[in-house]
């Protein structure tokens, strides 16, 4: 390779690694935990709404955690979405022991609806209170989590806020890939601008934890507005913004954790399921592939090449710039690992993680273009 090409690659790698590093460091001032619960006043009434499909093994744990919430007057409404594993029976037993628990039997899934969106829409119709927390069953909230997330909704002035819990990992692909949730959010979405600019394109969220009110939800069209979507984490905030409502995100890692997937295969399938409504969409996959590959993979490839080949033809400064690019690529991951309780060793696998992540995006897009369906929790899903 010519010296000019090597030097150009080193500069490009450094610039592409610098962008998410700079945005991440700026965002850390804005991505804050939920505030403390204000003292005084009666407990806030809130409906905690949990869609459940084949969650018999986890629903009792979720109910125990939610019912231990402090500082709120809550009901827990669980919708059984055509489960085949005894989820409904488990919720009925819980309801017999605590009147704050209610079971809703889900209606058959209509044509054109994704299962989770339909379940959440039905939960909204069943909620007794006017402030809501939509919570995935695999989330484990602390006793102050619900009250603090309501305080965040009030303090933000937004109509919808979304918390990002601490992601627990077990299998290899979970360990490798799930920390990228924070890397992508904080590295490519300027949060200060997102709060000033109500553009749907700057919306973000986490489908595991949404907080809103009845009035705002109905004005935005709720989950009915995104009925065919497989990725409510992005699409529900966009629906709110299209209705002229503000949305925001907060760091929920100190008040909740989540084990999103149970295996590497689940992680691959789950991330692929959501990909084409985010980075894997036809309009965004190519620029993101170039940016991520250049900034997160190329620096390490250049350093590796410099270590195993004769560098006499390289510009004297190119090897040093490649090392700087590697450091810039690792900065966001190391900072996020420290702040959000992620694995430090996973951070050092960043180039591998990005390579696998991009493979999932292209895999998902290929399946979409071929019209192939996927399956999630025993239900066939049409490509989006």
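Read-outs throughout are calculated quantities, based only on the coordinates presented, and are distinct from any laboratory measurement. Remember, it's a predicted structure, so these values are computed and weren't measured experimentally. Methodologically, a virtual Cβ is constructed for each residue, glycine included, from the backbone with ideal geometry; neighbour enumeration extends over all protein chains shown.
Points worth noting:
- Set against the labelled values (i) 21.8; (ii) 18.1; (iii) 19.5, mean projected area of the Cα convex hull in nm² computed from this structure falls on (iii).
- Additional length obtainable on full extension of the chain from residue 8 to residue 343, 0.36 nm per residue less Cα span: 117.3 nm
- Hydrodynamic radius (Kirkwood) for region 1-64, which is based on Cα pairs only, to one decimal in Å: 18.1 Å
- Relative contact order for the chain, counting Cα pairs under 8 Å that sit 6 or more residues apart, in percent: 23 percent
- Classification of region 25-104 by its C-alpha gyration tensor yields an oblate form. The axis ratio a/c (a ≥ b ≥ c) is 1.5 or more, and b/c is at least a/b.
- Residue separation of residue 57 and residue 219 scaled by 0.36 nm, minus their Cα-Cα distance, works out to 54.8 nm of gained length.
- Centre-to-centre separation between the Cα atoms of region 29-66 and those of region 79-144: 13 Å.
- In this label model, residue 73 and residue 107 are separated by 3.0 nm, measuring between points 7 Å along each Cα→Cβ vector.
- Inter-label distance, nm, simple model (7 Å from Cα along the C-beta direction), residue 32/residue 263: 4.3 nm
- Sites residue 22 and residue 304, calculated FRET efficiency, Cβ-Cβ separation with R0 25 Å, nearest 0.05: 0.50
- Gyration tensor verdict on region 44-260 (Cα atoms; rounded if a/c is under 1.5, prolate if a/b is larger than b/c, oblate otherwise): rounded
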